[in-house]
1. Could you work out the relative contact order of the stretch 19-94? I mean the mean sequence separation of Cα pairs under 8 Å and 6+ apart, divided by the number of residues, in percent.
2. Please report, in debye to the nearest 20, how large the charge dipole of the chain is about its Cα centre when each Lys and Arg carries +1 at its beta carbon and each Asp and Glu carries -1 there.
3. Quick one: Cα centre-to-centre distance for the stretch 88-149 and the stretch 1-36, in angstrom?
4. Points 7 angstrom from Cα along the Cβ direction at K193 and Y20: gap in nanometres?
5. For a Förster distance of 45 Å, can you work out the FRET efficiency between the beta-carbons of R33 and K148, rounded to the nearest 0.05?
6. Relative contact order, percent, of the chain when contacts are C-alpha pairs under 8 Å separated by at least 6 residues?
7. Using only alpha-carbon positions, what ratio does the radius of gyration of the stretch 1-81 give when scaled by 2.2 N^0.38 Å?
8. Considering only DSSP states other than H, G, I, E and B, which trypsin sites (Lys or Arg not before Pro) in the stretch 20-73 qualify as loop sites with at most 12 other Cβ atoms within 10 Å?
Amino acid sequence: MTRGILLDIEGTTTPISFVYDVLFPYAREHASRYLDGEAQQALKVEYDADVARGLQPPPWTSGGLPYVYWLMDQDRKSTALKTLQGKIWQEGYRRGELHGEVFADVPVALQRWNDAGIDVRIYSSGSILAQQLIFSTTQYGDLTRHLKGYFDTTTGPKAEASSYETIAKAFALPASEILFISDVTLELDAATKAGLQVKLAIRAGNLAQPSNVYPTITSFSEI
């Protein structure tokens, strides 16, 4: 029985190309304007930790801008970076320079699941703000009315079972009654360990995954 659905974004509800060809370049282009004291402080804490671990980030100059670019180049799931990107994208959406993008089957499925009384939430490495911006500005209108919650890196890494245990508690449902859909098998591994149902999203443009036995879907119409 499925009473809750947890959705990844990139490669699951939204084309990977939108993230890598639209959102990431936009954040990179405008990053220098948003490096205020709060952002710099959070990034410097992570920078110092990287140095202590023996990594070799670029020198801390220009308010940390080279470090921001370095994190972006690694696609680091950094809370400080994701928070900064969310603020940049918020302004882009406000100015009408950005608009959220989802696959055509997403709004139909969200409506159907809601009509069935299923609790639908999002779990992405992007900040909660960034998630809300995508779903509130899609080509199909504001879809946030269908979503009852959002989770990001502040909940925990997506490849750790404990993150999904925390999320299941937030749903207030047994883990076995929650279905998690993602395009990344490492995330499905962690969710499975936490007792969730899982399905692997196979979408155009998604990266090939290691050999696995997970049930697959190519459209939310299959659920």
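Read the figures in this text as sums done on the coordinates, not as results from a lab. Please read all numbers here as calculations on a predicted model, not as lab measurements. A quick note on method: Cβ atoms are made from the backbone with ideal geometry, for glycine too, and the neighbour counts reach across all protein chains shown.
1. Working: 51 pairs, mean separation 30.9, N = 76.
This gives 41 percent for the stretch 19-94.
2. Values: 20 positive and 26 negative charges, 57 e Å.
That gives a dipole near 280 debye.
3. 11
4. About 2.6 nm separates the two model spin labels.
5. Details: r = 34 Å, r/R0 = 0.75.
With a Förster radius of 45 Å, E is 0.85.
6. Details: 351 pairs, mean separation 58.3, N = 223.
Here the relative contact order equals 26 percent.
7. On the way: Rg = 15.6 Å, N = 81, 2.2 N^0.38 = 11.7 Å.
That ratio works out to 1.34.
8. Working: sites: R28, R33, K44, R53; in loops: R53.
The qualifying sites are R53.
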